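Below is one structure, written out as structure tokens; comments come after it.
The values are calculated or read from the model by the stated rules, or taken from the named source; none is laboratory data. Because the structure is a prediction, the values reported are computed rather than measured. For neighbour counting, all protein chains shown are included, and Cβ atoms are generated from backbone atoms with ideal geometry for every residue, glycine included. The accessibility values were calculated without ligands, DNA or RNA, using every heavy atom of the protein model including side chains. Shrake-Rupley method; radii C 1.70, N 1.55, O 1.52, S 1.80 Å.
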Amino acid sequence: MRPRALLPLVVAAVLAAPAMAQVTEPDEYRMEDYRAPVPDTLAGGRVLGPEGAHELWLVGGVAFIDVLPRAPKPEGLPEGTIWREKPRESIPGAIWLPNVGYGAIAEVTAQYFRDGLESATEGNTAHPVVFFCLADCWMSWNAAKRALEWGYSEVYWLPEGTDGWAFYDFPLEVVTPAPGG
């Protein structure tokens with residue numbers, strides 16, 4: 001086959017590549033490989049891009065929940081070594097509930113998550129809430145899925161997280177974890 005004759009096959013393969021790369025939404029929580037391509041859907045919730053999330057943020061009245069895990073303190077640090085966590089820059093006004101997006105969470109972590117959601121929504125399960133982390137991070141998908149299972153009805157998911165938010169040059173601010181985390 002001549003190289004020119006291969007062109008239609010190459011174009012077809014390139015155009016089909018995004019479809020092959022799509023991730024199917026699982027029925028259960030993601031339990032491993034939390035930094036990997038995520039699905040385009042969240043059953044029962046709504047998926048937002050950074051621009052849509054920004055519009056909600058500008059309008060107000062929406063709880064933004066950051067679920068990025070806290071970095072663990074490195075093991076084996078010499079005694080007396082001062083260790084400082086890297087500051088977390090997040091969407092202004094967001095509540096940071098670290099470590100609540102794992103597939104399996106301890107009851108104490110689930111209670112921390114429930115308490116944080118209740119505080120952010122003033123106990124109203126119909127209050128709109130946006131979950132996010134980083135791009136290609138299953139933590140926010142898991143957290144949004146869990147909130148839906150707990151009866152929250154206005155659940156939004158920002159799969160691009162703060163990476164996508166920052167790409168659009170929307171503002172960020174340093175946040176600290178909500179008490180108890």
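For segment 51-93, a tally of residues being aliphatic (A, V, I, L, M) and not in a loop (DSSP other than H, G, I, E, B) returns 6. Inspect all residues belonging to segment 104-114 and state whether any of them is over 23 Å from PRO26 (Cα atoms), touching a residue at least 12 places away in the same chain (Cβ under 8 Å) and part of a loop (DSSP other than H, G, I, E, B). Scanning segment 104-114 turns up no residue that is over 23 Å from PRO26 (Cα atoms), touching a residue at least 12 places away in the same chain (Cβ under 8 Å) and part of a loop (DSSP other than H, G, I, E, B).
Among residues of segment 122-151 that are surrounded by fewer than 24 Cβ atoms within 10 Å (Cβ to Cβ), those with a Cβ under 7 angstrom from a residue that is β-branched (Val, Ile, Thr) and assigned to a helix (DSSP H, G or I), sequence gap 6+ or separate chain, pair up as HIS127/THR121; LEU134/THR162.
When segment 152-181 is filtered for residues that are among the aliphatic types (A, V, I, L, M) and surrounded by 15 or more Cβ atoms within 10 Å (Cβ to Cβ), the ones remaining, listed by number, are VAL155, LEU158, ALA166, LEU172, VAL175, ALA178. If you go through segment 35-50 and keep only what is outside any loop (DSSP other than H, G, I, E, B) and open to solvent by less than 30 Å² (accessible area, probe 1.4 Å), you end up with just PRO50. For segment 80-94, residues that are surrounded by 12 or more Cβ atoms within 10 Å (Cβ to Cβ) and either on the phi > 0 side of the Ramachandran plot or under 13 Å from the mean Cα position of the chain (by Cα) (or both) total 4. Applying the criterion of being modelled with pLDDT of 85 or more and under 30 Å from PRO50 (Cβ atoms) to the residues of segment 66-79, the residue that is surrounded by the fewest Cβ atoms within 10 Å (Cβ to Cβ) is ARG70.
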